[in-house]
Amino acid sequence: MSKIFTPTNQIRLTNVAVVRLKKGGSRFEIACYKNKVLSWRNKLEKDIDEVLQTHTVFVNVSKGQVAKKEELVKIFGTDDQTKVCLEILEKGELQISDKERAAQMEAVFKEVSTIIAEKCVNPENKRPYPTSIISKALKDVHFSAKQNKSAKQQALEMIPKLQTVIPIERAQMRVKVTMSGKEANKLKEKLVKIVTKVEEENWDSFELTMIILINPGVYREIEEICNSVKGTTCTMELLNLKEVTQGEEFIE
């Protein structure tokens, strides 16, 4: 019986997600497992072997045509297949059908809506919005979900834009700050410039205790301020992650 000859530079794969990168006038592709590319880019998946079907660089995945080592060295500066795969995975374009793309974009859209609903409130009554209201507002500002950004990043970018169509703001964090020392007043002056609201302020001998509301985005900055003034001891205690009024959600 005669043997069927398979060229050594061809690898046949099925049911793959292809990521393509055009560089140096040439096209390179890698074969990935479906639904894993976005997980890798969003840092949810950390095992590269769970993403790549094979640590091989192709010029055409569907035809099984493998890229030549000389070309990899010329274009990428290395013939290390894994290193090149990682660059293509990071910078390349995921090749999917229109139907798959629409489904993925819809999933990202829903995730962005959910994140915003969890992180924000109506400033007029401090109550969270249902995701249906957030979704409608996103459509009103013509939000288009992106594959190359995490849902969280897109959500944070969209909050200021949503303020043009609905009253919305980040839910505030309630923090207790205790400070003592001869420079406590100087520390207080720095803090009040960036907090949203000082709810309580109590002096006990030489110790000052403040209950403050802050935007979650300035938490690290406040930590740095607390550690910046010499001759002062400062501690922080997170009381509430989000300032939300309990009750029925605001619905229009």
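Please give the number of the condition Thr233 fails out of (1) open to solvent by 60 Å² or more (accessible area, probe 1.4 Å); (2) under 30 Å from Met105 (Cβ atoms); (3) in contact with a strand residue (DSSP E or B) (Cβ under 6 Å, 6 or more places away or on another chain).
Here Thr233 clears every test but (2).
Of the conditions (1) aliphatic (A, V, I, L, M); (2) touching a strand residue (DSSP E or B) at 6+ places or on another chain (Cβ under 8 Å); (3) open to solvent by 50 Å² or more (accessible area, probe 1.4 Å), Ala102 fails just one. Which one is it?
The single condition Ala102 does not satisfy is (2).
Only one residue in Val108, Val59, Val73 is out of contact with any Pro (no Cβ under 9 Å at 6 or more places or on another chain) and closer than 24 Å to Lys46 by Cβ, so which one is that? Walk me through it before giving the result.
On the way: Val59 fails: closer than 24 Å to Lys46 by Cβ; Val73 fails: closer than 24 Å to Lys46 by Cβ.
Testing whether each residue is out of contact with any Pro (no Cβ under 9 Å at 6 or more places or on another chain) and closer than 24 Å to Lys46 by Cβ leaves just Val108.
Do you know which residues across the stretch 197-218 are surrounded by fewer than 13 Cβ atoms within 10 Å (Cβ to Cβ) and within 30 Å of Ile133 (Cα to Cα)?
Within the stretch 197-218, Lys197, Gly217 meet the criteria.
Check Ile116, Ile134, Ile159, Ile194 and return the single one that is open to solvent by less than 80 Å² (accessible area, probe 1.4 Å), among the aliphatic types (A, V, I, L, M) and more than 23 Å from the chain's Cα centre (by Cα).
Details: Ile116 fails: more than 23 Å from the chain's Cα centre (by Cα); Ile134 fails: more than 23 Å from the chain's Cα centre (by Cα); Ile159 fails: more than 23 Å from the chain's Cα centre (by Cα).
Answer to the check: Ile194.
To keep it simple, each residue is scored yes or no on (1) at pLDDT below 90; (2) assigned to a helix (DSSP H, G or I); (3) touching a His at 6+ places or on another chain (Cβ under 6 Å); (4) under 23 Å from Glu221 (Cβ atoms).
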| position | (1), (2), (3), (4) |
| --- | --- |
| Thr78 | no, no, no, no |
| Leu86 | no, yes, no, no |
| Lys99 | yes, yes, no, no |
| Ala103 | yes, yes, no, no |
| Val108 | no, yes, no, no |
| His142 | no, no, no, no |
| Ser180 | yes, no, no, yes |
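Name every residue in the stretch 54-83 that is under 31 Å from the mean Cα position of the chain (by Cα), open to solvent by 50 Å² or more (accessible area, probe 1.4 Å) and in contact (Cβ under 8 Å) with a residue 24 or more places away in the chain, in order of residue number.
His55
Within the stretch 175-184, is there a residue that is out of contact with any strand residue (DSSP E or B) (no Cβ under 8 Å at 6 or more places or on another chain) and either of a type in the set (A, V, I, L, M, F, W, C) or more than 30 Å from Ser132 (Cβ to Cβ) (or both)?
no
Take Lys22 and decide whether it is in contact with a Gly (Cβ under 8 Å, 6 or more places away or on another chain) and either assigned to a strand (DSSP E or B) or open to solvent by 60 Å² or more (accessible area, probe 1.4 Å) (or both).
Details: in contact with a Gly (Cβ under 8 Å, 6 or more places away or on another chain): no; either assigned to a strand (DSSP E or B) or open to solvent by 60 Å² or more (accessible area, probe 1.4 Å) (or both): yes.
When the stated conditions are applied, Lys22 does not pass them.
The values are calculated or read from the model by the stated rules, or taken from the named source; none is laboratory data. The structure presented is a predicted model; accordingly, all values stated were derived computationally and were not measured. So basically every Cβ, Gly included, is an ideal-geometry build from the backbone, and we count neighbours across all protein chains shown. Just so you know, the surface numbers come from the protein's heavy atoms only, side chains and all, with ligands and any DNA or RNA stripped out. Shrake-Rupley method; radii C 1.70, N 1.55, O 1.52, S 1.80 Å.
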